[in-house]
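Enquirer: There's a structure below that I have some questions on.
What follows is calculated from the coordinates using simple rules that are stated; it is not laboratory data. Every value quoted in this text rests on a predicted model; they were computed, and no experiment measured them. Note that each Cβ is placed from the backbone with ideal geometry, even for glycine, and that neighbours are counted across all protein chains shown.
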Amino acid sequence: MKIKLSLLLVLASTLLLAQNPGKKQITIKGTILEEGTDYPLEYSTVSFINREGKTVTGGITDIDGKYSIEVPADVYTVKYEFISYKTKELPNQNLTKNTTLPTVKLALDAASLDEVVVRAETTEVQIRLDKKIYNIGKDLTSGGATVSDALNNVPSVTVDIDGAIALRGNENVRILINGKPSAIAGFGSTDALRQLPAEAIERVEVITSPSARYDAEGTAGILNIILKKEKTLGLNGSLSTSIGVPLNSNATTNINLRTNKFNIFNTTGIYYRNGPGNAFFNNTYKARPLLDENGEPILDDEGEPITFEPKFDRVIEARKYDRMGKGFNTNLGIEYFLTDKSSITASAFYRKGDGNDETTNNTSNYNLGEVKERITRIENEAEDDETYQLALNYVNNFNDNGHKLTADFQYEKDKETESSFITERRLFPNIQVLPSEDIIQKQNQTEYLAQADYVLPIGENAQFEAGYRGNFEENITDYTLLEETGTTGIFVRNDSISNIFTYNENVHALYSQYGNKFGKFSFLLGLRVENTQLKGKVDAENLVGETPINLNFDKNYTGLFPTVNLTYELKENENITLGYNRRINRPRHWFINPFPSRSSEANIFQGNPDLDPAFASAFDLGYLKRWKKLTLTTSLYYQYETDAFERVQQETGELTSNDIPVIRTLPINLSTNERYGFELGLLYNPTKWLNLNGSFNYFLFKTEGFYNDIDYGAENTSYFGRFSSKVKLPAKIEWQTNAFYRGPSNNSQTETDGILSVDMAMSKDIMDDNGTLALNVSDLFNTRKRNSLTTTDYFTSESEFQWRQRQVTLTFTYRFNQKKQRQRPERGGGFDEGGFEG
């Protein structure tokens, strides 16, 4: 129909021009956008009507909402139309020369919207110079799911069973909410994303080659999560409730009230979940040399190393996790329109969470194949966290051509208290109650953010940008370990482990960038300068498992971070892109805190205050090709990182109370890390009832470095792929299947097996399409488990870990004054090449 419409307009224009041979021909250009979102409206019609009311000529907009139409010089009324949008007219336009008319913004026509609404069937993809934008559509498998679950369905992104988010296999990804660091994302931890409903997401921006306007943090790139804020006039919203097995219940509301003067929006959710999980460890130990205080082997009279035979040569741990969590979160905001072109938005976010987790660790200690001891260790952990965030945003659009100033201020406060009580009981060879431990950890984090961005269009295709961002963060961790004296019930503070760790990270950044377009070639060049201050202070007597590191530090770094993004349009539906950027990876506070975890006496994680930031340079070469029903996108990428972080496992030289060697996992700076990769994505919509989506990512990591005279160099070749199919069945029923496979991987010490996971869902529209029932099964075959093997000179560790078992969830969603989710105009397979939008 679109092709026929185009031919008719061209034919009509030709005939009308033939009737006006004596008039000068001129070219009229312009742009049509959607009001409120500035989304380009492709296939909008533009008509030129003369004084007699006759349409002289016309045309349609292209993929960017732009038009260029030849007309005879005259006085016209220019008419702009698009289905389901209100028509606009520019009367009495005296067009005597080549002219670019002002940008026109069309508003939705609420009266006709209900008749033309269609469902967003798949995740829609747009391509920008510096990012890919995934508009999360009707993804059935995210019904009743969290933001973290929804991210796992985005191409290039993986979320492992620990909740760690990776981009192209690299976990050093920066997560932003609405373009800014936020307490909603959990200050770098992913736990908060497991609490927020997926229904709150409007879109996810995957930024693998970030421009200078973004933080330089995150060597893998940036995930920018944009939350919903409805632009439609009037009162509208939705309610979503779900119940699942194992117990997973939540309710979420999205409400929006918009008038010509203000826009009030709110998302509120409550949840109650029970998440069972399990883990298994099989550790074997060999004789090892005794070391002196300098780490050198102790020799006997004959000059031979004195070895230590472990009391147990094999230790098996079987862990069972029983997690219960409940919470409440709400985000309330009001946008007030000062003028037609400026507004101020104030918003407040609050999250309250309570958790009670029980970890049961059944340990069997062997020697020469015989069980010598069985011990049960139970950790009961109560967690109480509370987050406040206040934000203020000012926007001033000086004109409709993109001349713009924005300013943001944000204050965040996060408080978390974890109380753990650990009991131990020997079951064999004799029953004995062992001393207990009582652990209290209080964490308080405060963060301020100030930001200003200025955008200045230059001419028709060029644009200049500049801005400042300041981030000021303080994290105080108060850790207290109380140990029972025998089994008397009397607890004494362990002063060698109890501590207060204060960590400050202050970042000042300035940037500028310039973009332009010459014919088929576009570029965006930028430079960002960031000054980082990292300060740490430990208030404690000494460090368990002592290492030669400085507990108190004050480091200052200033770096330049250039960015280059290039695009060349080979054809209308085909282009290539090239990106370069320099990035930084700052260690988070849990990587620096030097005091070990206590979930297991024999396997601990300990931070390293000596960690320095890592720096990386990344290149990305992309190719995009669109056909009528098929879209192909590919990328080749390379990254070179210095002082890269690596977790190494080593013996501490210490023994547990049962004479078991303590194995410590420690993050360190290794010298270099090279990453090579290839990415392929396909979107195929062969019919109206079938949508197919697939992606594949192959990568090679190469690490070179030494620590304590041990070579930790390694090569890791791995890959992951995902496939999604959606079928529309009769009676308004839809069926979706998602499959994901991550190939095996390895580093210098550990080999990890591949992981297969399949999700399946079905939905049916009810209540005159105002409601939807959805049933989904997450991890259908219960295979989302991590199996790994770690090998060193003196021990091996074989493990299996499953964070969450198979989940079945039933979800009901009701929409009022919203109907179904409106589909954007089709874009030749779902891709859109924009200009310099950030």
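Enquirer: Using the number of other C-beta atoms within 10 angstrom as an exposure proxy, rank Y479, Y394 with the fewest first.
Expert: Y394, Y479
Enquirer: Starting from the Cα of K286, draw a straight line to each of the lysines and keep only those under 27 Å, dropping any in the same chain fewer than 8 residues away.
Expert: K311, K372
Enquirer: DSSP loop trypsin sites (Lys or Arg not before Pro) in region 249-300 with at most 15 other Cβ atoms within 10 Å of their Cβ, which ones? Could the numbers behind the result be given before it?
Expert: Values: sites: R258, K261, R273, K286; in loops: K261, K286.
Here the sparse-neighbourhood loop sites are K261, K286.
Enquirer: Follow-up. Going by average Cβ density within 10 Å per residue, which order do the peptides 670-678, 771-779, 512-520, 204-212 take, highest to lowest? Intermediate results must be reported in sequence, preceding the final value.
Expert: Values: 670-678: 18.3, 771-779: 20.6, 512-520: 16.4, 204-212: 24.2.
Put in order of decreasing packing, that is 204-212, 771-779, 670-678, 512-520.
Enquirer: I've got another one for you. Sequence-distant or interchain residues sharing an amide H contact under 5 Å with S44, placed H: which?
Expert: T61
Enquirer: Among E569, E530, which comes first, second and so on when ranked by fewest other beta-carbon atoms within 10 Å? Please list the in-between numbers first.
Expert: Working: E569 16, E530 21.
Placing the least packed residue first, the sequence is E569, E530.
Enquirer: Using θ = phi - 60° and the Karplus curve 6.51 cos²θ - 1.76 cosθ + 1.60, what whole-Hz ³J(HN,Hα) does each residue of region 750-757 get, with Gly and Pro shown as x?
Expert: 10, 10, 10, 6, x, 10, 10, 9
Enquirer: Further, regarding this structure: Among Y684, P289, I334, whose Cα lies farthest out toward the positive end of the dipole of region 248-816, if unit charges sit on the beta carbon of Lys, Arg (+1) and Asp, Glu (-1)?
Expert: Farthest along the dipole direction, towards plus: Y684.
Enquirer: Then there is this: List the trypsin sites (Lys or Arg not before Pro) within region 707-739 that fall in a DSSP loop (any state other than H, G, I, E or B) and whose Cβ has at most 15 other Cβ atoms within 10 Å.
Expert: Numbers: sites: R722, K726, K728, K732; in loops: K732.
Qualifying residues, ordered by number: K732.
Enquirer: Let me ask another. What size of dipole, in debye to the nearest 20, comes out for region 248-816 about its Cα centre when the only charges are +1 on Lys and Arg C-beta atoms and -1 on Asp and Glu C-beta atoms?
Expert: Approximately 3720 debye in magnitude.
Enquirer: What list do you get for E335, E572 if you sort them by fewest beta carbons within 10 Å? Intermediate values should be presented prior to the final figure.
Expert: Numbers: E335 19, E572 12.
Sorted ascending by nearby Cβ count, the order is E572, E335.
Enquirer: While we're on this one: Summing Lys, Arg as +1 and Asp, Glu as -1, what charge do residues with Cβ under 10 Å from the Cβ of S788 carry, S788 excluded? Don't skip to the end; give the middle numbers.
Expert: Values: positive: R786; negative: E751, D753, E798, E800.
Net charge in that neighbourhood comes out at -3.
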